[in-house]
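Undergrad: Here's a structure for you.
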Amino acid sequence: VSQLWWPAMAVFSRFMLTPKWMRRLFVVTAPPMSFVAGTGVFAWVNRDDEGREFVQRHGQPTEEFRLEFFKENALLWDANNEHMEDAIKGIRQRMLMEKVQGHVLEVAAGTCMNFPYYSKRVKTLTVLDRVEEMLAMGQKKVDNLRCPLQAVVGEMTKLPFEDGTFDCVVGTLCICSAEHPKKALKEMARVCRPNSGRIVLIEIGESSWTIVNAVSEYFLLGNPKHAWDCGSYDDRRIAELVQDAGLKIRSHRTARKGRFHLIVASPKWTDAVDAPEESDEMPKLKGEGTISFTHTPAQPEAQGEVAQAAQG
């Protein structure tokens, strides 16, 4: 139908709209009018008035409710979120393989979907999540890792590590699930190594496209119950939160109609902090946090011996 639209309109304007000025007016006004009409129909079909009434009556969910939601859905989390993984798989691969190295901390790691995308440049990997049931699902994916791993149960707003411990701190869809996002970002900055440290974020939030936000706001699009249905908020202003937390944004790109924010940042105040001595050892816990599981990859020589033994 879309391929026949313009030929049909050309015939209509040529033979039905005889005056030249009328034909020109039609050609100029038809596209925006068609866009507005189509958007209106789409909005009418997709409006969730019941969801808005629900939020008006009950407000947003408590942190305890959302934590319980993650616990109950941990077992089927990956299967239920395949559409999201398909949408950002290329983004994960590009950002994590290119930007991440050294001693790495990933906060709000969930079921550890990032494991396949960490490169050989990662010395050690520490993943942290408040929900142990989610981390337990990540234990099944350790075969994809090429570096030592420790999985820690702890809070992103109170990271159990010393200042400047990590070369890189990663957050993938973590700010949208944080009850206090600014506090979480400040903690990420605190444990990041001064001068050379980087904070890499892949987040969903309010679109950077003005037209998308304007249409969504005017026609009341979006899911008002997203926090109830998915446990996270998908309408936060990510870049603004990062800046308000005192981080310096070094690069900021967007994808998927401006909804996904790919940010590389660093703490503004790190020059005044003494960096700890570099080490190849796994960073140690300091504070409230417990180790859920660890993993040490087999050396190439050992892998070869295992393969020979299996063949024999």
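The values are calculated or read from the model by the stated rules, or taken from the named source; none is laboratory data. Bear in mind that the values here come from a model prediction, so they are computed numbers and not experimental data. When we count neighbours, we look across all protein chains shown, and the Cβ atoms used for this are built from the backbone with ideal geometry, even at glycine. Note: accessible area is taken over every heavy atom of the protein model, side chains too, but ligands, DNA and RNA are not part of it. Shrake-Rupley method; radii C 1.70, N 1.55, O 1.52, S 1.80 Å.
Undergrad: Scanning for something within 19 Å of the chain's Cα centre (by Cα) and either within 21 Å of P297 (Cβ to Cβ) or not in a loop (DSSP other than H, G, I, E, B) (or both), does the range 139-158 turn up at least one residue?
TA: No, there is no match, as no residue in the range 139-158 is within 19 Å of the chain's Cα centre (by Cα) and either within 21 Å of P297 (Cβ to Cβ) or not in a loop (DSSP other than H, G, I, E, B) (or both).
Undergrad: Take the range 82-116 and flag every residue that is under 18 Å from M134 (Cα atoms), open to solvent by 10 Å² or more (accessible area, probe 1.4 Å) and among the charged types (D, E, K, R).
TA: Within the range 82-116, E82, E85 meet the criteria.
Undergrad: Also, I was wondering about something else. Filter the helices (runs of 4 or more DSSP H) completely within the range 210-252 down to those with at least 3 residues that are more than 21 Å from P181 (Cβ to Cβ), open to solvent by 50 Å² or more (accessible area, probe 1.4 Å) and at pLDDT below 90.
TA: Where helices (runs of 4 or more DSSP H) fall fully within the range 210-252 and carry at least 3 residues being more than 21 Å from P181 (Cβ to Cβ), open to solvent by 50 Å² or more (accessible area, probe 1.4 Å) and at pLDDT below 90, they are 210-218.
Undergrad: Could I ask something else about it? So T124 fits all but one of (1) in contact with a Pro (Cβ under 6 Å, 6 or more places away or on another chain); (2) more than 19 Å from H103 (Cβ to Cβ); what number is the exception?
TA: Result: T124 passes all but (2).
Undergrad: Select from the range 117-130 the residues that are open to solvent by 10 Å² or more (accessible area, probe 1.4 Å) and not hydroxyl-bearing (S, T, Y) and list them in ascending order.
TA: Once the filter is applied, which keeps residues that are open to solvent by 10 Å² or more (accessible area, probe 1.4 Å) and not hydroxyl-bearing (S, T, Y), the range 117-130 yields K120, R121, K123, D129, R130.
Undergrad: Continuing with the same structure: Give the range 151-164 a look and list any residue that's in contact (Cβ under 8 Å) with a residue 60 or more places away in the chain, open to solvent by less than 30 Å² (accessible area, probe 1.4 Å) and not hydrophobic (A, V, I, L, M, F, W, C), or say none.
TA: G154, P160, G164
Undergrad: Ok, one more. List the residue pairs whose Cβ atoms are under 6 Å apart, where the first residue sits in the range 60-81 and is open to solvent by 50 Å² or more (accessible area, probe 1.4 Å), the second is not acidic (D, E), and the two are 6 or more positions apart or on different chains.
TA: Q60/A227; K71/V131; W77/T111
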